[in-house]
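Following: one structure in structure tokens, then a few remarks.
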Amino acid sequence: MKFGDFEDTILDSGEIIKKAGRTLVANMGKIIALFVSLLMLAVTFTDVTFTGIFTKDFASSLILLITSAYIIYFSLEDAGERCGEETEEFKVANGRFEARRAKISGDGIGALRGYCIDYAKAEFEFRKKSALISHGLTENELAAYLSGKRFDKKTDRVLRRISKIKPAELSPKILLGKERWHKRSELENPEKRKLPMLLLKLIPSTVCMAVTVSVMLTAKDGLTGADVLNGILKLSALPMIGFKGYSAGYSYAKHTLSLWCETKANILEGFLLSLEDKK
């Protein structure tokens, strides 16, 4: 086999894997429904009883299942998110964002800060006015409510909710950052938060280790087919939780993160156009 043919085969294999992942996510609901149906079909031919909720066996099994479910869910959620980042939707949105981001030079950060403040103010006013219009209210009524005037209970409740609307936080760090942002200043030294963040990330793993170390396993005597089916039934939730985690991560990257990249690209594009207008 020639090297070119081998390289094409590798690339084709990668594309096949991506298509398989997308097909799996698209049919996740059908897979879970089929799995549960087959499981319930098997359970139908057995005698079903429920054990006590506060028994020792129930508590120990529940702790193990919950621990396993958390590990499986978040592991596959991360895997699904990585797969979602390979979709065309995410690549197009992220590419558009990166193109706008590359046009922002260091000397434009100051102007971008001012643009972020103006944009956040305009967006805040839009959300507040939209909320008032959707309930048939006016800004004068909101101002009267804030001054102490009271209306009927329903109107007071709506105005109270609208009065709590706050401007969204927007900064150059949020717009230009590739990673998930937090609310601190872009001038903050990341070393200050490195150790606390690492310790926080270790908490789930520490809890899982504490559970697994404390477990003592003993073989069951006289294991029967009913015991095996009982074990399968107990573990049946884990594949469904794994499917859900993978699907959640995939959808998050494909839809939520893609939309966030598009939003940032649109704001940066508006900023770049404002700079051209000033020239």
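The values are calculated or read from the model by the stated rules, or taken from the named source; none is laboratory data. The structure displayed is predicted, hence computed values, not measured ones. Here Cβ is always computed from backbone atoms with ideal geometry, including for glycine, and neighbour counts include all displayed protein chains. The area values use the complete protein model at the heavy-atom level, side chains included, leaving out ligands, DNA and RNA. Shrake-Rupley method; radii C 1.70, N 1.55, O 1.52, S 1.80 Å.
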How about segment 93-182: which GluC sites (Glu not before Pro) there lie in a loop by DSSP and see at most 14 other Cβ atoms within 10 Å?
E169, E179
Under 16 Å from the T155 label point (7 Å along Cα→beta-carbon), backbone N, segment 106-148:
132-148
Holding the Cα-Cα limit at 27 Å, pick out from K164/K244; K128/K154; K91/K173; K173/K254 the pairs that are longer than that.
K164/K244
Taking the Cα centre as origin and putting +1 on Lys and Arg beta-carbons and -1 on Asp and Glu beta-carbons, what dipole magnitude results for segment 98-154, to the nearest 20 debye?
200
Would you please put 144-155, 240-251, 263-274 in order of how densely packed they are, using the mean number of other Cβ atoms within 10 angstrom per residue and starting with the highest?
240-251, 263-274, 144-155
Rounded to the nearest 10 Å², what accessible area does I133 show when all protein chains are kept and the probe is 1.4 Å?
130
Roughly how many Å² is the accessible area per residue of segment 61-130, as a whole number, for a 1.4 Å probe?
59
Go ahead and collect, in residue order, the members of segment 254-279 whose backbone nitrogen is under 13 Å from a label point 7 Å along the Cα-Cβ direction of A122.
266-275, 277
